[in-house]
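The values are calculated or read from the model by the stated rules, or taken from the named source; none is laboratory data. Predicted model, so just to flag it, every value in this text is computed and none were measured. Every residue, glycine among them, receives a Cβ derived from its backbone with ideal geometry; neighbour counts consider all protein chains shown.
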Amino acid sequence: MTLIPADQHFAVITAILALCALAFASERTVIGQKVTGTVVVILLAIAAANLGIIPHSAPAYGFIFSYVVPLLIPLFLFQADVRRLAREASRTSLAFLVAALGTVAGVIVAALLLDLSQLGVASELAADRREAGIVGLFASTYIGGSVNYAALGEITGLSADASFFSAATAADNLFSAVFLSVIALVPGAHWIARHFVEHTASEAVQVTETVVTPASISYALAAAAGIVAITDLLCWWLEIPSWRYAVMTLISVGLATAVPQIRDWFSGAFEVGVALSFPFFAAIAAGADIRAMISVAPLLIILVAILLSVHLTVLLVVGRKLGLTIPELLTASNASILGATTAPAMAAAKGWHDQVTPGVLVGVLGYALGTFIGTALFQLW
């Protein structure tokens, strides 16, 4: 029996939203910025569930999984104008493809060296499908981000193992923060930098600020819901339910490219997507058992360490062969591993002002590619 019963739906939702609010508030602190709000909300939900405050499972969580998660893909991808990407970030886009190759190579090497079938046991998938699911899951998140991770969790069925899924999310975010520190040191490592072409800054692209209004948020939510509905109809008609999120991605990117004005019409969509992703992670984490999380932690740590090491090696070796510069490669790697928010921030902090806008654009490209690549690896493994 928990303090908040599972059948008190509004009370459960209130508790989840309160945990999300605390996590966002924590990002104003030094520790919160380093740990990230995603990890904070996961830890808070795990603590609340294991202390008997909120239930481990509840119908309210099912509502979040069924109706909130699908909206995230369109909300994140309304900025994914492929023509703008080619026009303003061609070299950084090439660097991003190298980074994505490094991620795929990293997860394959990790899968060959480790027995990944030990993970996600509670999902009740067969051992070979668990391994395939983990390959797809980590490829998607380290090419895209949390939205792709959420999608692959549903596609593979691994989100059913709440303890593994929460532990994997925590490992992902914590190691991503460590990785950010590592790549921030690379430009100062002369024994590496001297092998690369010197970066010549091009003219920085000016970003037009858009105004977020209640109307723009309403437009974005209505369009996102419409895309989900159309996707479900298409997948039902074509009998391809496992490609639901890939089809959703294709429609969202197609719309953003065909009608680039929607970036202004739907201003605030990305921020709404970020806000809605936190209840998803809280609901997943609420089902986690601390002892089960601890049991899978060592293998997850080794998995992520191998993946990121191979990623960085491929990035630098292939990037040098292609004549790409250190700022282009590291901005792309940041966008791949950490997403569209940290890449421009690092570029600005390093003085690579011509990489700020490309950092955002290739980060959005990652959201578009992550689900496709993760799903393909899962299906073909």
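From the list Glu203, Glu198, the one residue that fits, being over 30 Å from Leu125 (Cβ atoms), exposed (fewer than 13 other Cβ atoms within 10 Å of the Cβ), of a type in the set (Asp, Glu) and modelled with pLDDT under 80, is Glu203. Among the residues in the stretch 91-109, are any surrounded by 23 or more Cβ atoms within 10 Å (Cβ to Cβ), among the hydroxyl-bearing types (Ser, Thr, Tyr) and under 16 Å from Gly145 (Cα atoms)? Yes: the stretch 91-109 contains one or more residues that are surrounded by 23 or more Cβ atoms within 10 Å (Cβ to Cβ), among the hydroxyl-bearing types (Ser, Thr, Tyr) and under 16 Å from Gly145 (Cα atoms).
Within the stretch 305-340, the residues that satisfy the criterion of being crowded, with 22+ Cβ neighbours inside 10 Å, more than 18 Å from the chain's Cα centre (by Cα) and not hydrophobic (A, V, I, L, M, F, W, C) are Gly319, Thr325, Pro327, Glu328.
The set of residues in the stretch 341-359 being under 17 Å from the mean Cα position of the chain (by Cα) and crowded, with 23+ Cβ neighbours inside 10 Å consists of Ala343, Pro344, Gly359.
Rundown of residues vs (1) crowded, with 20+ Cβ neighbours inside 10 Å; (2) within 20 Å of the chain's Cα centre (by Cα); (3) closer than 18 Å to Ser66 by Cα; (4) touching a residue at least 60 places away in the same chain (Cβ under 8 Å), yes/no style:
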residue	(1), (2), (3), (4)
Leu233	no, no, yes, no
Ala246	yes, yes, yes, yes
Ala275	no, yes, yes, yes
Ala285	yes, yes, yes, yes
Leu299	no, no, no, yes
Leu303	yes, yes, no, yes
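Check the stretch 359-375 and report whether any residue there is more than 17 Å from Asn148 (Cα to Cα) and either of a type outside the set (A, V, I, L, M) or touching a residue at least 12 places away in the same chain (Cβ under 8 Å) (or both). Within the stretch 359-375, one or more residues are more than 17 Å from Asn148 (Cα to Cα) and either of a type outside the set (A, V, I, L, M) or touching a residue at least 12 places away in the same chain (Cβ under 8 Å) (or both).
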